[in-house]
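Reviewing the structure listed below.
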Amino acid sequence: MFLSSLPSSVSAKLAALSAALQGHLIAQIDECVRIELKAFRDSYFHWLFICTIAVFVGVVLEEFDSLPVGKPRLDSAKGIFVPRYGLIKWKKRLAKLGWILIVLGVLGEGVFEYEFSSADELLQALDENLLADTQKETAFAAERAAAANERTSELQREAEQLRKDAEGERLARVELEKQIQPRTIPESDRKKLGKKLGTFAPSFKGRKVRILSQSGDAEGILCSLEIMDILARAGIEVDPAGIGSLFGVGGGFVGVTISGLPNDEAFIRSLVNGLKPHLGAGVEEIGVPGTLRFASWSG
């Protein structure tokens, strides 16, 4: 009930932690059982060794019964030789003790050898189970590692695709910014064009070039100011009162219109040729001789 009320990510982490703790607990229990079995097996082996020693000692003691007791001793009271009854009695006692040790040792060997074998078989079975579990865990860990590597590779591919997409968007944005950026004429080019148009300055003596541009057309106004700067460098007077003063009605032309008399056609064409490298298709001639238009992006 409590786990069901938690977020799925938290529940998954708790389930993984619970599984890990259970696995660790089972591993600790298996290790404790293994240690106890090994202790029992070792203790049975020690008792088996003790029983083997007891059998050996019993065999040695039994051999005392076959040892000679020496010559009879002289009984001074009776004046005759009598057997050494004390030694004979001890020989029989030691032989009996040896027989008892042999019986108990052989019986103990049988019992403890059986117990030792049983404990050793259980220990081997436990080791085999632990080895099988370890192999399963290793295989499972290898599978998880392979899945993690696959997921990592997938994430890397996704990251690379996202990087490419981001780079494509950045390039598209740069291209768009380049397209919508107002077209301008560098000062060095305005200076060169002004010097070139300076040859027409004498024909404009006593006259002014009037420049008109559409209101609200920022690019057209900027271009009008740059054209005014070019003409000023050429020594031609300009009337700037009309820049940004036109209001188009009914979808009229948006941009800058420069017009002049038919006699000024050579001047207009020189100005057109000077502006084309910077304004491109935005520069066009209309039907009226000596007329130039500059079309802005909003036009």
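In order along the stretch 93-103, phi translates into HN-Hα couplings of 5, 5, 5, 5, 4, x, 5, 4, 4, 5, 4 Hz, rounded to whole numbers, per the Karplus curve 6.51 cos²θ - 1.76 cosθ + 1.60 with θ = phi - 60° and x for Gly and Pro. Using R0 = 22 Å, the C-beta based FRET efficiency linking R183 and N273 works out to 0.85.
Less than 5 angstrom separates the built amide H of R210 from those of D239, all sequence-distant by 5 or more or on a different chain. Sequentially through the stretch 194-205, phi angles give Karplus couplings (6.51, -1.76, 1.60; θ = phi - 60°) of x, 5, 5, 6, x, 5, 8, 4, x, 6, 9, 5 Hz, Gly and Pro residues having no value and appearing as x.
Remark: K136, K192 ranked as K136, K192, counting other beta-carbon atoms within 10 Å and listing the fewest first. Between E265 and L155, the distance separating the two model label sites (each 7 Å from Cα on the Cα→Cβ line) works out to 7.3 nm. Compared with the alpha-carbon gap, the fully stretched path from K205 to T52 is longer by 41.2 nm at 0.36 nm per residue. For the stretch 229-246, backbone phi angles converted through the Karplus equation (6.51, -1.76, 1.60; θ = phi - 60°) give residue-by-residue couplings of 5, 4, 5, 5, 5, 7, x, 9, 6, 10, 9, x, 4, x, 5, x, 9, 8 Hz, Gly and Pro being listed as x.
Coordinate-derived values only; no laboratory data. Quick caveat, the model's predicted, so the values are computed rather than measured. Neighbour counts run over all protein chains shown; Cβ positions are idealised from the backbone, glycine included.
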